[in-house]
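Novice: Dropping a structure here in structure tokens format, bear with me for questions.
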Amino acid sequence: MNYIALLLLAGFSSVDRNAAFHIMLSRPLVLSTIIGLLFGNVYLCFLSGLLIELFGNIDVPVGTKISKDDTFMAYSMGILVSFGIIQTLSDYLLGLLLVIIFVFPVTYVDMLTRKWNQHMLDRYLKYRIYKSPFGILIKGITVAFVKGVVFYNIFCLVAAFILVRIEDYLSIQGEITAYIFLIASFLAGYLIRFLSFKSVYKYIVFSLGLLLGWLVI
């Protein structure tokens, strides 16, 4: 039942963030704490949510800007902590880094769902394919729910897989200096967002730089 509750939590938190409700379920502090209550380690889940709230305050949705999906970040970190995949400080730093990386494709899916919602609205206004806007609202909520259940869990599982493999094969568990260097490199790379070229190229440059950082380590 807890796993079913987790899937429902992913879906409803995505709906709360993008489509309906708006009862603060999607806030990192709330979501990660609920996951901690369901699966254990409430304290570390609470601290993770608090940390991600700070990250969200940097990326504020102003105007039409779509902020990074910190709901996904809180969901993933809560699972990694509660399921025992994160056990050491080095695990936590690397897990956080992976989640921050995967928040970019998840946010891109968010952009696609918004375009789909706009497409449905345009069709309604042009062709009147529904008797009322209620049908559009139901479809929008359904798309947001499926997005949370599918993409939140897929990228969370990928992050967990990579984290476990890195700890298994690179033999750097407990070598906190390497992780600090990696996190510092990422924070320096965050400045790329201010350069004046397309975001997709920024993401590619950052990813290649991250791979080079691992080779250096």
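Novice: Rounded, prolate or oblate: which fits segment 3-171, taking a ≥ b ≥ c as square roots of the Cα gyration tensor eigenvalues, rounded meaning a/c under 1.5, else prolate when a/b beats b/c?
Specialist: It is prolate, given that a/c is not under 1.5 and a/b is the larger ratio.
Novice: Right, next: Consider a paramagnetic label point 7 Å from the Cα of LEU137 along Cα→Cβ; state which residues of segment 1-39 have an amide N under 11 Å from it.
Specialist: The answer is 20-21.
Novice: Ignoring ligands, DNA and RNA, please state the percent of accessible area on segment 1-85 from carbon and sulfur, probe 1.4 Å.
Specialist: Accessible surface attributable to carbon and sulfur in segment 1-85 totals 73 percent.
The values are calculated or read from the model by the stated rules, or taken from the named source; none is laboratory data. Because the structure is a prediction, the values reported are computed rather than measured. We place every Cβ from the backbone using ideal geometry, glycine too, and count neighbours over all the protein chains shown. For accessibility, only protein heavy atoms count, side chains too; no ligands or nucleic acids. Shrake-Rupley method; radii C 1.70, N 1.55, O 1.52, S 1.80 Å.
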